[in-house]
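To start, the structure itself, in structure tokens.
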């Protein structure tokens, strides 16, 4: 079975490098090729990796607008690249992969943040995603809170 967690790790690394390269779409094929040949990630869900990366790149303006609205008083430039990339992946998943429960998406994002960011970064990611889940998954989050 293809591993989506490893695909998310590769997506994070790809999107981080893309962000660091000034969000130049021309670098995406090479970055993806590098991640797809990672020896320790041979069982990653390669199709999901491609879908996530291309989806985030295509929707980056909308996703960043959502992040910007959720971090009132902070500019996007003040957010560490790693945290920004984790948020982009999770928001893309919340918007586009409705079959995945939002709590699973948040948990996966926190696992990525645990591996790639410091404690304040993890708390920041958790707070932003918790707030956005109420908007992006309104029905799902309200039904969970009634239990």
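No value in this document is a laboratory result; all are computed from the given coordinates. Since we're looking at a predicted model, the values are computed, not measured. Cβ atoms come from the backbone with ideal geometry, glycine included; neighbour counts cover every protein chain shown.
Listed values, structure above:
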read-out	value
On Cα atoms only, tilt of 81-96 relative to the major axis of the chain in degrees	70
Degrees between helix 102-116 axis and first principal axis of the chain (Cα, 0 to 90, nearest 10)	50
Difference of contour (0.36 nm per residue) and Cα-Cα distance, residue 36 to residue 80	13.4 nm
Peptides ranked, highest mean first, by Cβ atoms within 10 Å: ranges 50-58, 9-17, 85-93	85-93, 9-17, 50-58
Nitroxide proxy distance, nm - points 7 Å out along Cα→Cβ at residue 51 and residue 111	1.7
The chain: calculated mean residue ellipticity at 222 nm from DSSP helix runs of at least 4, using -39500 (n - 2.57)	-24000 deg cm²/dmol
Radius ratio Rg over Rh of the chain, counting only Cα atoms, Kirkwood formula for Rh	0.95
Extension gain, residue 98 back to residue 68 (0.36 nm per residue minus Cα-Cα distance, nm)	8.6 nm
With Cα atoms, 0 to 90° folded angle of helix 4-20 axis to the chain main axis	80
